[in-house]
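**Q** Before I ask anything, here is the structure I am working with.
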Amino acid sequence: MTESIRLQDMTWEDVRQAVEKSSKTILLPFGSTEQHGPHLPVGTDTLVAVTLAEDAGQKTGAPVAPPLWFGWSPHHMILPGTITIRPEILAEIAFDMISSLHHHGFERFVLINGHRIVNIAWLQMAGERAKRELGVKVVIFDPAHMSKSITASLGWGRVGHAEEIETSHMMYRYPDLVKIDRAIDNPHTPRPLYSVDPSYEGDTLCYVPSSPEEMKAATLKSGGTSGEPSKASAEGGKCYHDHLVSRLVEVIRMLQTDEGYKM
């Protein structure tokens, strides 16, 4: 029987051993609970972070902490199932998670973000505080940034919401949760100088979550989707997933050996 790398499956003695076996490195998945169109579950963002963490953890021996299922999602409150937590509260929770694990010996933390650009600001705040106050090493792994070199080659458009990128990933890793027959395409409308996609070449303004009024018309028309899930495929999802896991493994090993890491 293979030993689980999930922290919640371990005894405290197992955790103590995992600290040393992992070079004091632990993976923390962060996601959200929010509407993801009529075809994907509201837990999509957290499931994405968890599957990346667990696959990379298996390859590197780094344990995976229980995920934080909630994110900053005020712009998705227009549809049911969304739970939004204020970013200042989330930053405090993330810091307390790091602080608790550091107390027990972990010194290297990989924060895996499944909620795109919206989570990054408060993860940066928590990570910076942890480095400054605890003297630990912290990096943030974000799939949208780490996959920008391959998404175009898979025939996908820009980062959106419940689009072909997320849908393909879910079709590969959690096919039983995808209701692709319910998917509604909502192609991106060109917006000069603005995109939430880090690979966008026409400049990108820093993202400010939309207000409910701004979201209302587009959300009700598309069922909450931004992009073209009809282009999704499990095959594309596998390529995407494998690429991200390989990059995450590279980041973990770099951190474990201090290679290329700067405080």
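Throughout, read-outs are computed from the coordinates displayed, never taken from laboratory work. Since the model is a prediction, treat every value here as computed from it, not as a measurement. Neighbour counts run over all protein chains shown; Cβ positions are idealised from the backbone, glycine included.
**Q** Only four residue types carry charge here, +1 at the Cβ of Lys and Arg and -1 at the Cβ of Asp and Glu. Report the dipole size of the chain about the Cα centre in Debye, rounded to the nearest 20.
**A** Charge dipole, the chain, about its Cα centre: 220 debye, nearest 20.
**Q** Quick one: 3J(HN,Hα) in Hz for region 183-192, Karplus 6.51/-1.76/1.60 with θ = phi - 60°, rounded, Gly and Pro as x.
**A** Ordered by residue, 3J(HN,Hα) equals 5, 10, 6, 9, x, 5, 8, x, 10, x Hz.
**Q** Quick check: net charge around Ala130, other residues with Cβ under 12 Å of its Cβ, Lys/Arg +1 and Asp/Glu -1?
**A** Surrounding charge for Ala130 is 0.
**Q** From Cα coordinates alone, what are the radius of gyration and Dmax values for the chain in angstrom?
**A** In Å, with Rg to one decimal and Dmax whole: 18.2, 55.
**Q** Before anything else, pin down the relative contact order of the chain: Cα pairs under 8 Å, at least 6 apart, normalised by residue count, whole percent.
**A** Averaging sequence separation for qualifying contacts and normalising by length gives 23 percent for the chain.
**Q** Normalised by the empirical 2.2 N^0.38 Å for globular proteins, what value does the Cα Rg of region 105-182 take?
**A** Rg over 2.2 N^0.38 Å, computed on Cα atoms: 1.39.
**Q** Assuming a ≥ b ≥ c are the square roots of the Cα gyration tensor eigenvalues, decide whether region 203-263 counts as rounded (a/c under 1.5), prolate (otherwise, with a/b larger than b/c) or oblate.
**A** Oblate is the answer for region 203-263, as a/c is 1.5 or above yet b/c matches or exceeds a/b.
**Q** In which sequence would Phe30, Phe95, Phe109, Phe141 go, from the one with the fewest C-beta neighbours within 10 Å to the one with the most?
**A** Phe95, Phe141, Phe109, Phe30
**Q** If you don't mind, another one. Given points 7 Å out from each Cα along the Cα-Cβ axis, report the Ser99 to Ser210 separation in nanometres with one decimal.
**A** 3.7 nm
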